[in-house]
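The values are calculated or read from the model by the stated rules, or taken from the named source; none is laboratory data. All of these numbers come straight from a predicted model, not from anything done at the bench. Positions of Cβ are backbone-derived with ideal geometry, glycine not excepted, and every protein chain shown enters the neighbour counts. The area values use the complete protein model at the heavy-atom level, side chains included, leaving out ligands, DNA and RNA. Shrake-Rupley method; radii C 1.70, N 1.55, O 1.52, S 1.80 Å.
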Amino acid sequence: MFPLCFEVFFKIWWFAFIFNIIYYCFMEEKINCLLDDVNGFPLDELQRSVVACDLKHVLVSAGAGSGKSLTIIGKIRYLIEILGLKEEEIICISFTNEATLSLKNKLSSNYGYDVPCYTFHKLGLEILKDFNYKISDTGLLMYIINEFFNGFIDDENKKRVLVYFGIMYNEFNFRKKYSALDEDSFREFKELIFKFINLFKANDYLPSDFVSFLRVEKNYRRKAFLIITYYVYYFYQNELSSRNEIDFSDMISRATEVVLERGFNRCVRYIIIDEFQDTSLVRFNLIRALLSSSGASLLVVGDDFQSIYRFTGCDLDLFLNFNGMYKDSKILKILNTYRNSQELIDIAGGFVMKNKNQLVKELKSSKRCDFPLRIVYYRNFIKSFILLIEHIYTSTGKSILVLGRNNFDVNVLLNTNMFFMNGTSLIYKDNPDIKMTYLTVHRSKGLEDEYVIVINMRDDKLGFPNKIKDNVVLKHVSCKEDDYLYAEERRLFYVAITRTKNITYLMTSSDSESIFISEIKRDYRGKIKIVRNNKF
């Protein structure tokens, strides 16, 4: 006979064992039910692995059209329904108002969840809500730049302007030469100052860093620029202070300081960031402060193939070096695309991964499409464009997304008076039933359409790829540029051709075809279709 106490212990152990098995089976069934229906769709195995991963710091490398938003919603449901987090203990961050509103509305309408969803700027405002700050008008900086040169500039800085432009002068004629500066060149000079200051603030530099820039800068013209820009920056910050205002970069910097000094004003256990490839240093510092203050876990989702905002201060290295920043971290991948055909992503992925400074992703799709990328050569662009949109309309009746590298690329259509714009809708007067949207490629990121037409695929300074190089002086405030030729333009091209659910048409002239067109023809000849004489 077992002693009575041992028998009691055994019964308790056996009961606990059976209970744990039942509980485990129940929870497994509950998790599977959750993962089988997220906004009406089942998650694939890779998406499920992201949702169920409980590591402290996770980066999700996602392909175009791979269901990032669906995975994020699944993760939020898992945190609330399985792990028991409260809605207010989760923070979701994305980069546009549209994206945050879309996520918030889906969580609210489908599940009744009121999860805080912010842009970085709105998060900064939330942290600073107890302070008496006002947000400055976005045009204030350029206003201050103009005011500086119109009235506040002294003779010494006028001389530095002439030095920057390489104009020889003496004490008797410098005012005359200054007043005779070319208007277009002077406008570009002001725009360069504007860009420098914005990058300076986006990358979290301090006023004292101007001294460091001057110390390492050897070129006398760029030294002159740095001194002038410092004075403009000084006037700008003084104007903000006198108005008791802060700009967007200041807002995030001040919010970071507040979190480091006082913590956040509520309990945060999980932070989720979408489009993480577009994070700048000043934004990342805010997240790092929140993590340090709260001890929260972090999930970031993005696609390094679609990093296209370096000119605004976004730093791709934050994405690529994620494992180096956090010891207890893991990189997961979601690779099944539900937008593009396998044939298209084979071309797009191969094209962008020629740059080895990208995470390797072998994207998969169950969709099939013969010749999803079609190069359309034209002699008369307007005629070919009209015939192409009429062909798509009569053969499919589907909508069309027209993409340009630049805002003004659409003017070649509008100047004919056969087309006009209504918001982003491009209207063809002879057949307004053809549903078309015109966007720049930058604005199209995150969107999709049935058919895509990319115009301006020409070999030109303002073509695609755009060949305008950053002014060398911006090296002081820009994140390190990729050594691969046209690295960001290649990613931009990847974004353009992957917006389609079906076929992307690239319109080019045989007299000046884009180098990207030449490369695609050379490397993927058997997988693309070349259209001549409007035989679509």
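Things to note:
- Residue-wise HN-Hα coupling along the stretch 249-257, computed from phi with Karplus coefficients 6.51, -1.76, 1.60 (Hz; x: Gly, Pro): 5, 4, 4, 6, 5, 5, 4, 4, 4
- Carbon/sulfur fraction of accessible area - the chain, other protein chains in place, 1.4 Å, %: 53
- Over all pairs of different C-alpha atoms, the stretch 430-484 has a mean inverse distance whose reciprocal, the Kirkwood radius, equals 14.8 Å.
- Residues of the stretch 373-409 falling in the label zone of Asp511, defined by backbone nitrogen less than 18 Å from a point 7 Å along Cα to beta-carbon, are 376-385.
- Computed about the Cα centre, the dipole magnitude for the chain is approximately 1220 debye when only Lys and Arg (+1) and Asp and Glu (-1) carry charge, each at its Cβ.
- Structure note, pairs Lys86/Lys122; Lys330/Lys469; Lys104/Lys201; Lys129/Lys330; Lys361/Lys501; Lys364/Lys445: Cα-Cα distances above 24 angstrom occur for Lys330/Lys469; Lys104/Lys201; Lys129/Lys330.
- Taking only the Cα atoms of the stretch 259-383, the ratio Rg/Rh comes out at 1.11, with Rh defined as the Kirkwood radius.
- Potential lengthening of the chain between Asn471 and Ser242 amounts to 79.2 nm, from the contour at 0.36 nm per residue minus the alpha-carbon distance.
- Whole-angstrom gap from the stretch 276-325 to the stretch 147-209, using each part's C-alpha centre: 34
- Full extension of the chain between Ser329 and Lys56 yields a length gain of 97.6 nm, computed as 0.36 nm times the residue separation minus the alpha carbon distance.
- Projected area, mean over directions - the stretch 210-260, Cα convex hull, nm²: 4.5
- The trypsin sites (Lys or Arg not before Pro) of the stretch 458-532 that DSSP puts in a loop, and whose beta carbon has at most 15 other beta carbons within 10 Å, are Lys461, Lys467, Lys469, Lys480, Arg532.
- Proximity of backbone amide H atoms, modeled 1.01 Å from N, is registered between Lys364 and Asn336, Thr337 at under 5 Å, excluding neighbours fewer than 5 places apart on the same chain.
- Computed Rg/Rh of the chain, alpha carbon atoms with Kirkwood Rh: 1.04
- Solvent-accessible surface of protein heavy atoms, probed at 1.4 angstrom with all chains present, puts Lys356, Lys104, Lys383 in the order Lys356, Lys383, Lys104, largest first.
- Derived value for the stretch 118-226: Kirkwood hydrodynamic radius 16.4 Å. Basis is the mean of 1/r over every pair of different alpha-carbon atoms.
- Per-residue HN-Hα couplings for the stretch 219-230 [Karplus 6.51, -1.76, 1.60; θ = phi - 60°; Hz; x = Gly/Pro]: 7, 5, 5, 5, 4, 4, 4, 4, 5, 4, 5, 4
- Three-way shape call for the stretch 30-176 based on the alpha-carbon gyration tensor, with the a/c threshold at 1.5: prolate
- Nearest 10 degrees, 0 to 90: helix 381-396 Cα axis against the chain principal axis: 20
- Compared with the dominant Cα axis of the chain, that is its longest principal axis, helix 97-111 is turned about 20°.
- Expected 222 nm ellipticity per residue - DSSP helices of 4 or more, -39500 (n - 2.57), all of the chain, to 500: -14000 deg cm²/dmol
- Fully extended contour minus Cα-Cα distance, from Arg379 to Asn411, at 0.36 nm per residue: 9.7 nm
- Rounded tilt (10° steps) of 4-36 against the dominant C-alpha axis of the chain: 40
- FRET efficiency, 1/(1 + (r/R0)^6) with R0 30 Å, evaluated for Arg269 and Ser208 via beta carbons: 0.20
- Computed from backbone phi, the HN-Hα couplings of the stretch 175-183 come to 5, 5, 5, 5, 5, 9, 4, 4, 5 Hz, rounded to whole numbers (Karplus: 6.51 cos²θ - 1.76 cosθ + 1.60, θ = phi - 60°; Gly and Pro given as x).
- With at most 14 neighbouring Cβ atoms within 10 Å, loop GluC sites (Glu not before Pro) (DSSP) excluded, longest segment of the chain: 172-361
- Taken over the alpha carbons of the stretch 458-536 as equal point scatterers, the Debye sum produces base-10 log I(q)/I(0) values at 0.10, 0.23, 0.27 Å⁻¹ of -0.32, -1.27, -1.52.
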